[in-house]
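Written below as structure tokens is the structure these notes are about.
The values are calculated or read from the model by the stated rules, or taken from the named source; none is laboratory data. Here the structure is a predicted model, which means the values were calculated and not measured. Glycine also receives a Cβ, built like all others from the backbone with ideal geometry; neighbour counts cover every protein chain displayed. We work out accessible area using only protein heavy atoms, side chains counted, and drop any ligands, DNA or RNA first. Shrake-Rupley method; radii C 1.70, N 1.55, O 1.52, S 1.80 Å.
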Amino acid sequence: MPTVLTDVFRGHPIHLPHTHQPDFTSLSELPDSYTWTSKDDPLFIAPPSPAVAGENIPLIDLNHPDAANQIGRACRTWGAFQIANHGVPLELLQGIEFLTGSLFQLPVQRKLKAARSDTGFSGYGVARISSFFNKKMWSEGFTITGSPLNDFRKLWPQLHLNYCDIVEQYEEQMQKLASKLMWLSLNSLGVSEEDIKWARVSSDLNWAQSALQLNHYPVCPEPDRAMGLAPHTDSTLLTILYQNNTAGLQVFRDDLGWVTVPPVPGSLVVNVGDLFHILSNGLFKSVIHRARVNQTRPRLSVAFLWGPRSDTKISPVPKLVSPDESPLYRSVTWTEYLRTKATHFNKALSMIRNHREK
Ligand SMILES: C=C1C[C@]23C[C@@]1(O)CC[C@H]2[C@@]12CCC[C@@](C)(C(=O)O1)[C@H]2[C@@H]3C(=O)O
Ligand SMILES: O=C(O)CCC(=O)C(=O)O
Ligand SMILES: [Fe+2]
């Protein structure tokens, strides 16, 4: 049984055309292969409801005495929220943004030296979900899990140690924050450490693991017809996203359609992932989100994808299941779930759902 994320796709190759990325900046028209319509994605033009004006995911001050309830409410209604006063130093956010910008500015041949392999987890390439769509996405990405030393040495023969240091510090801060957010939201449901022993704060976070996904959305000649990152849910417990000062992230609500998440300097966006939806027996929504692009400003984002150790079985917390009903989902490890998702994409959750008798 693998215990690290790097092993997840070993024996489960995903062939993706990393080497066929265009030089985005040289294109003055959108090639057909990048032109999206609602045939390529049924939600492409989900009309915003009139109610959407003024509706936005909540911005929650973590120092507020009622923060736990506000977070709980946001997880139930939106599956996403922004946070201020999160305690992550501004210089570290600036550092990770600088690293991300420097990485994607490298010549494409250099980036390809660290390309993600078909069975690999880390490295440069197109989004993993690309194989589920007919059209290409206007973006490039870099996934990090474990030490980025080997990849970074290929990218920056001189400066790799400085950049490794930034990643290490960033991940350390994010891990602490993610655990705090998970417990604040669970506490709001009356769930305590007694109810989920594997996730005890006192167990020094050895029960968790993570990946960092760096994303770059270059400026685009026809943004209305292009897609930066297609609609998806994350398979995590929680994802913490840093976005630079360029809008592009949108979250989907059945009653509102697509809602743009405006960048708020210094704040972070938090998404509920599929595993948290399972753990909460469906009470917290794993939010469908996507990234759009624009004509004038490149966009960068850094997603901290956070989940349990690969061998931990995640199942609905018994306290959240009514005594006369079976849990909404059967138990699953993160490894099993990532593999299900890699094969079945947005049907993955329904594949592990327990079907209740009518
Ligand atoms: C741990 C992971 C979650 C992720 C797949 C991955 O193995 C590493 C990258 C993650 C990411 C980021 C972009 C969107 C997404 C759906 C994808 O294709 O790669 C997520 C994956 C996920 O949450 O399922
Ligand atoms: O770039 C964004 O805003 C979204 C990124 C994202 O959803 C991801 O990396 O999983
Ligand atoms: Fe995502």
| note | By accessible area (1.4 Å), largest first, 351, 182 order as 351, 182
| request: Could you state the angle between the C-alpha long axis of helix 67-77 and the longest principal axis of the C-alpha atoms of the chain, as a value from 0 to 90 degrees rounded to the nearest 10? | output: 80 degrees
| query | Carbon-plus-sulfur fraction of the accessible area of the chain, 1.4 Å probe, in percent? | reply | 52 percent
| task | Measure of size requested: the Rg and Dmax of the range 210-280, with Cα atoms as the atom set and Å as the unit; please supply both. | result | 13.5, 42
| field | Per-residue HN-Hα couplings for the range 143-148 [Karplus 6.51, -1.76, 1.60; θ = phi - 60°; Hz; x = Gly/Pro] | value | 9, 10, 9, x, 6, x
| task | Subtracting the Cα-Cα distance from 0.36 nm times the residue separation, let me have the gained length for residue 113 to residue 207 in nm, one decimal. | result | 30.6 nm
| note | With +1 on the Cβ of every Lys and Arg and -1 on the Cβ of every Asp and Glu, the dipole magnitude of the range 169-244 about its Cα centre, in debye rounded to the nearest 20, is 40 debye
| task | Give the accessible area for residue 180 in Å² (nearest 10); use a 1.4 Å probe, count only protein heavy atoms, and leave out ligands, DNA and RNA. | result | 100 Å²
| task | Report the percentage of all Cα-Cα pairs in the range 70-155 whose separation exceeds 18 Å, rounded to a whole percent. | result | 60 percent
| Per-residue HN-Hα couplings for the range 221-238 [Karplus 6.51, -1.76, 1.60; θ = phi - 60°; Hz; x = Gly/Pro] | x, 9, x, 5, 9, 10, 10, x, 9, 5, x, 7, 10, 8, 8, 7, 6, 9
| query | If you put +1 on each Lys and Arg Cβ and -1 on each Asp and Glu Cβ, how big is the dipole of the chain around its Cα centre, in Debye rounded to 20? | reply | 640 debye
| message | Tell me which GluC sites (Glu not before Pro) from the range 249-358 have a DSSP coil assignment and no more than 14 other beta carbons within 10 Å of their own. | response | 325, 357
| field | Average silhouette area of the chain, convex hull of alpha-carbon atoms, in square nanometres | value | 18.4 nm²
| task | Compare 341, 313 by solvent-accessible area with a 1.4 Å probe and give them largest first, with all protein chains kept in place. | result | 313, 341
| task | List the relative contact order of the chain as a percent without decimals, with contacts defined as Cα pairs under 8 Å and 6+ residues apart. | result | 22 percent
| task | Answer rounded, prolate or oblate for the range 150-277, using the Cα gyration tensor with square roots of eigenvalues a ≥ b ≥ c: rounded when a/c is under 1.5, else prolate when a/b is larger than b/c, else oblate. | result | oblate
| Kirkwood-based Rg to Rh ratio, the range 140-197, C-alpha trace | 1.22
| query | Within the chain, what percent of beta bridges assigned by DSSP are antiparallel, to the nearest 5? | reply | 90 percent
| remark: Where a ≥ b ≥ c are root eigenvalues of the Cα gyration tensor, a/c under 1.5 meaning rounded, otherwise prolate if a/b exceeds b/c and oblate otherwise, the range 309-358 counts as oblate
| remark: Output ordering of 101-109, 125-133 (per-residue mean of other Cβ within 10 Å, highest first) is 125-133, 101-109
| request: Give me the accessible area per residue for the chain, probe 1.4 Å, as a whole number in Å². | output: 45 Å²
| In debye, nearest 20: dipole of the range 31-83 around its Cα centre with unit charges on the Cβ of K, R (+) and D, E (-)? | 180 debye
